[in-house]
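Undergrad: Structure provided below as structure tokens; questions to follow.
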Amino acid sequence: MCGKFTAMGRWRKVWNFSQPLTVTPGDPPDEGVTYGVAQPLPVIVWDRETKERRVVPMRWGFPHAKDWRRPQPIHARSETIETTKTFAEAFANGQRGIVVFKTFNEGKELSATKTEQWTIDPQDGVPRGFAFVWRRFEIPGLPQPILACVMATVPANKLLRDTILEHDPDPRMPAILEDADWRTWLGENDATPEQAKAVMRTMEGVNWKIAPEPKKVKVKERNATGARAAKPEPSLF
């Protein structure tokens, strides 16, 4: 199931894609951004007070009951999102968001212990939205609550079932929203939870490029003394 995806840098602060994205002459080239589990995501939400969309940073993955630093769960099944205790209240209350992506990854099982990452690329560079549900968590010992989100998933489409996920007993993919369904999912048009659930559909009839993710060459980082440099601790936001 998807645990990583990419977007473009300029999309992080853009909440309305109804108009084509433009680049002003002299602007630096846009950079690709990779998002993964436990990292902060730019989530588009509907602000009921101001009646407008805004982008809010949220951690991907709800806090685990025994250790809030551990992101689990990270996905919510669309079929049971309104009845599963972990997600039901947030979904019913309209705590639904959208994260824009360019490509996303799926894991292909090679053996019982080995998975190969594949990248799915629609190839047109058009911003598309993943459906997310979010919640606010009060964590003992932290000075302020954290916002965390999970990705809604649907049954995988034929392309993925026949290729990457052919041996998966329960093939899933992200719920990708049609542009016309953004308002319903965010709750801008006073849609009911039933109507919001209906927009989480498997996207079929696609001609996406799918390919194994290139293997990264591991390079040991060393400081001036020759010792291996310590990796910085990731921040919530």
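The values are calculated or read from the model by the stated rules, or taken from the named source; none is laboratory data. The structure displayed is predicted, hence computed values, not measured ones. Neighbour counts run over all protein chains shown; Cβ positions are idealised from the backbone, glycine included.
Undergrad: Check whether at least one residue in the range 134-152 is more than 23 Å from F87 (Cβ to Cβ) and of a type in the set (D, E), and report yes or no.
TA: There is no residue in the range 134-152 that is more than 23 Å from F87 (Cβ to Cβ) and of a type in the set (D, E).
Undergrad: Here is a further query. How many of the residues in the range 76-134 are of a type in the set (A, V, I, L, M) and farther than 13 Å from A196 by Cα?
TA: 7
Undergrad: Restricting the range 40-77 to residues that are crowded, with 20+ Cβ neighbours inside 10 Å and of a type in the set (G, A, S), which is farthest from E188 (Cα to Cα)?
TA: G61
Undergrad: Among the residues of the range 151-186, which ones are touching a Phe, Trp or Tyr at 6+ places or on another chain (Cβ under 9 Å), within 25 Å of M58 (Cα to Cα), surrounded by fewer than 20 Cβ atoms within 10 Å (Cβ to Cβ) and modelled with pLDDT of 95 or more?
TA: Within the range 151-186, just R183 meets the criteria.
Undergrad: Kindly indicate whether V126 is modelled with pLDDT of 95 or more and β-branched (V, I, T).
TA: No: the conditions fail for V126.
Undergrad: Testing E89 on (1) in contact with a His (Cβ under 9 Å, 6 or more places away or on another chain); (2) among the acidic types (D, E); (3) within 19 Å of R135 (Cα to Cα), one condition comes back false. Which one is that?
TA: For E89, the failing item is (1).
Conditions (1) at pLDDT 95 or above; (2) closer than 23 Å to P169 by Cβ; (3) of a type in the set (D, E, K, R), marked per residue:
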| site | (1), (2), (3) |
| --- | --- |
| T22 | no, no, no |
| I44 | yes, no, no |
| E49 | no, no, yes |
| T80 | yes, yes, no |
| F91 | yes, no, no |
| I98 | yes, no, no |
| G107 | no, yes, no |
| T115 | no, yes, no |
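Undergrad: Name the one entry in I146, I139 that is among the β-branched types (V, I, T) and within 18 Å of the chain's Cα centre (by Cα).
TA: Result: I146 is the single residue among I146, I139 that is among the β-branched types (V, I, T) and within 18 Å of the chain's Cα centre (by Cα).
Undergrad: In the set G94, G129, which member is surrounded by 13 or more Cβ atoms within 10 Å (Cβ to Cβ) and more than 18 Å from C2 (Cβ to Cβ)?
TA: Every option except G94 fails the conditions.
Undergrad: Can you name every residue in the range 85-138 that is without any contact (Cβ under 8 Å) to a residue 24 or more places away in the chain and touching a Gly at 6+ places or on another chain (Cβ under 7 Å)?
TA: Residue satisfying the conditions is T115 alone.
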